[in-house]
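Contents: one structure, followed by commentary.
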Amino acid sequence: EIEKIDPNPKVWTGTFRDSRPINPEGSNPENSFTGQIFTVNAWRNDALVIPRSFARLRIWRNVDKVEELLKQPAFVDRKSLTYALPNYPVFENNSLLQPWVTLKQGILGHEWDEDLDNGFRPKGMIRMSETHVDNVLYIQDSGSCYDTGSATHRLTLYRTDKPNSKSLVFGAGTVQWTWGLDPVHDNENGLISQIANHYDTRVGIDLSGPDRAVQQATINLFAMMDNVQPQDIEVDLKFGQALSKFSTDEMESWDMSVSCKVVVDNEMSFPLAANVTQLEVHVFHNNENDKDSVIAGVEIGQANDSWHPAERFLEKYARRFRDGSSIYIDPSLGLLWRHIWPLSRADISGVEFMCRVTNDRLYTSKEHGPFQV
């Protein structure tokens, strides 16, 4: 529509994200609350990918297939893999890749969401997986036009920053997360429904069964939410670990243990457009002061401006052991993250940036900076 149809001049019945002047309530995309925003239209039946760099996060504790990743080096020989995933960290001219595991086929479907950096992203939200898929039906406007595109799905989690609520908000970004919890659902073969009567959909048994990784991750998630535990638990699953709250002393201690700095990346491994610059965020964490959490998210911003998520940047400072046996990440350089900023090299000179860090207990550090690049 090009004009408002609802007769009430103060009420909007279109999509939350619609920023056109005909919206009297103004744009407020759904990711401002859920952390996720719909982008990929039906019909999808995709698996969910967890790269090794996410394997230490609290949600994946006691998930055997994910914890097995920690027994592998940061990068593995491409020849040892049966296939390579698109858009994933590489090393040594694409000969080495970051290892990963996949969860049940169909977890991402029949539509799914993304964690977009659109200015409405919740403070301190962390990403817990990363699945890049090409050739999807991708949204082009506020909800009516679609075209072929690429999308990256991420599980997300954040703590609300309100005086009367510190609730955790989990974003699965898919309506089929529950397909991993039990085998009973519609379209149990993962295909577009071929039932005779489309108005009388039946459920069936998914012969591939549930996914133990999804079940354990969900148990962990509820344990983090005020220590909600199952009354009964199956033999090969484990109770989740409660998320203890930071005391004032612990907050101060953690703030003291974390530091970060922002610099311009002068050794780009791939070309960028002339009007953007890649920034690096170096994060240093003294584990002696906090042994029960890991760095899970980094944000970068400017004073009095919105914050933006930085991405993990493992491949730049990967190093090979002297005997050539395997790859490790050089710890002297800190944990490395990156963000593409929409300013040219010339225009960004002298600009000041801030950074803040969030751990997997969902505590966000004080703001560090400003750093003049």
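Structure above, values below:
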quantity: Members of segment 182-225 that are surrounded by 12 or more Cβ atoms within 10 Å (Cβ to Cβ), of a type in the set (G, A, S), at pLDDT 80 or above and closer than 25 Å to L155 by Cβ; calculated: S208, A213, A217, A223
quantity: Among residues of segment 95-111, those that are part of a strand (DSSP E or B) and of a type in the set (S, T, Y), counted; calculated: 1
quantity: Residue that is part of a helix (DSSP H, G or I) and without any contact (Cβ under 8 Å) to a residue 40 or more places away in the chain, where the choices are A213, A223, A217; calculated: A223
quantity: Some residue of segment 122-136 being more than 20 Å from E311 (Cα to Cα) and of a type in the set (S, T, Y); calculated: no
quantity: Selection count where residues are closer than 16 Å to S53 by Cα, modelled with pLDDT under 85 and touching a His at 6+ places or on another chain (Cβ under 7 Å), scope segment 305-334; calculated: 1
quantity: I37 vs. criteria at pLDDT 95 or above and either at negative phi or of a type in the set (A, V, I, L, M) (or both); calculated: yes
quantity: Segment 7-28 residues that are more than 25 Å from P122 (Cβ to Cβ), paired with ones that are surrounded by 13 or more Cβ atoms within 10 Å (Cβ to Cβ) (beta carbon under 7 Å, 6 or more apart); calculated: I22/K4
quantity: Condition met for R20 (out of contact with any Pro (no Cβ under 9 Å at 6 or more places or on another chain) and surrounded by 13 or more Cβ atoms within 10 Å (Cβ to Cβ)); calculated: yes
quantity: Subset of segment 114-143 (residues that are surrounded by 16 or more Cβ atoms within 10 Å (Cβ to Cβ) and closer than 28 Å to L81 by Cα); calculated: E114, R127, M128, S129, E130, T131, V133, V136
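Yes/no per residue for (1) surrounded by 13 or more Cβ atoms within 10 Å (Cβ to Cβ); (2) assigned to a loop (DSSP other than H, G, I, E, B):
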site	(1), (2)
E25	no, yes
N45	yes, no
P73	yes, yes
Y83	no, yes
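The values are calculated or read from the model by the stated rules, or taken from the named source; none is laboratory data. All values reported here derive from a predicted model rather than from experimental measurement. Glycine gets a Cβ as well: all are built from the backbone with ideal geometry, and neighbour counts include every protein chain shown.
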